[in-house]
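Quick note: the coordinates plus some simple rules give every number you see, no bench work behind them. Please read all numbers here as calculations on a predicted model, not as lab measurements. Cβ: placed from backbone, ideal geometry, glycine included. Neighbour counts: every protein chain shown.
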Amino acid sequence: MKKIFFCASFFFLIANLFFCQDTPLRGPFNQPSNGVIDGVVLKEELPTRLTVPYQSVRAADYVWSKRLYSRIDAREKMNQPLFLPFDSFDGTTDGSFYKPTKIQEVDDYSWNKDQSRWSLWTIIFRHVLLGDLTVYKVASDAYPALEDGYSLKYPIAQKPNLNRSDYFNDQSYRKEINGIISSNGVGEYLRLPMASEPLDTFDVIKTNQAAQEYIDSMVLSNSDYALLSGLDKDKFKFWWDAANANSILRKDPKILYLASNSIFGYNIKEDWFFDKQRSLLDRRIISIAPLARYTIDPNLEIPERGNLLVYDKEGKAFIYDNGGFIEYTDNYEEREVFWLYFPELRNVIVNYFVYNDKSDAQWMSFDDLFWKRQFNAQIYKTSDKFDREIEDYKYGVDALYEAERIKDEVRKWEIDVWNY
């Protein structure tokens, strides 16, 4: 029996080494190249840490709970370790920069990251590309204005596979993710010159044929389309598959990814509850969502989510409009980019460390930061019969007072338990 167990363990280890050898390691390392250590010791323990599981709670001991929605603001000094240092993507706003096409290119040098520590968004962005995190949309496709993504009902599911990321292997998944984590840029229309009239062009419209069948039919049926025979067929097939039926083909999209300076906060959904067995008022974060800025139309009665604003290294905001990126200086609104299931995120952030201004040798992990509540969050919504946010019935300073009142009520409940 021991031999069978040993053989099975050995095979599992070899299989993991074989499949993971091309997968980027987790965590920023202080070894930029072979033989070079940026510091005194090599932080080789980074990719081996595991999360400490939550205390198990029986349903019979779950005697009281309250659901709270809070916002972690980047402007508060206590929260700065979550948002710093900033990363950036080299290149200009024409889209000619960071464009990973396979999993080994995730850490390409055109993505400038700090050597020793990353912001929470840098970690999230990287592991979304690596396929370690499930992205939940903020709204359903049927009701885009009803943004109830905190319920985690709209996942962008990946296909079950081993050590593969659908971002680099599934074109539809990659397109959907890019529509969330980058500017809403799309490629220019594919217009090809005619052979008989070089000054004229024609639009390539997708039919119910396969890409190769369309190319063959055009080349054989009409000399005006002879230039299709010299087209890069792999690119053409990619554009053809990405297009919707009866629509004009588009070239490669111009993508401007969200850098960490484009994230201005995080919304968290958490449950505060009383565990009778431990006689303790505890709390668990259920989901978390990064906040970015979107254009809005102030003339609408209910402002709708517009284009995503992406900021460059100088802090200028850009949007994709009319075939290119233009600077934007008008009204905006902060909204969730997507939601993540926090227990799943814990498995990632446990291997990344937060800056400690007391000692560079003793940094705690991001998971420790959330566990120890080393951040400040302002309540903006709580569970009630109206399912509304505080700002729906309180305004300005009164909304802040209402948030503090809710927090005091939760704490007062615990105190009243021990008063006879």
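One table, with the values for the structure above:
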{"item": "Difference of contour (0.36 nm per residue) and Cα-Cα distance, Gln171 to Asp297", "result": "42.1 nm"}
{"item": "Amide proton proximity set for Ile379, modelled H, under 5 Å, gap of 5+", "result": "Arg71"}
{"item": "Protection-proxy order for peptides 124-133, 270-279, 137-146, each taking the mean of Cβ atoms within 10 Å per residue, highest first", "result": "124-133, 270-279, 137-146"}
{"item": "Listed peptides 375-381, 257-263, 175-181 by packing density, highest first (mean Cβ within 10 Å)", "result": "257-263, 375-381, 175-181"}
{"item": "Distant-in-sequence amide H partners of Ile286 (H built 1.01 Å from N, under 5 Å)", "result": "Lys269, Glu270, Asp271"}
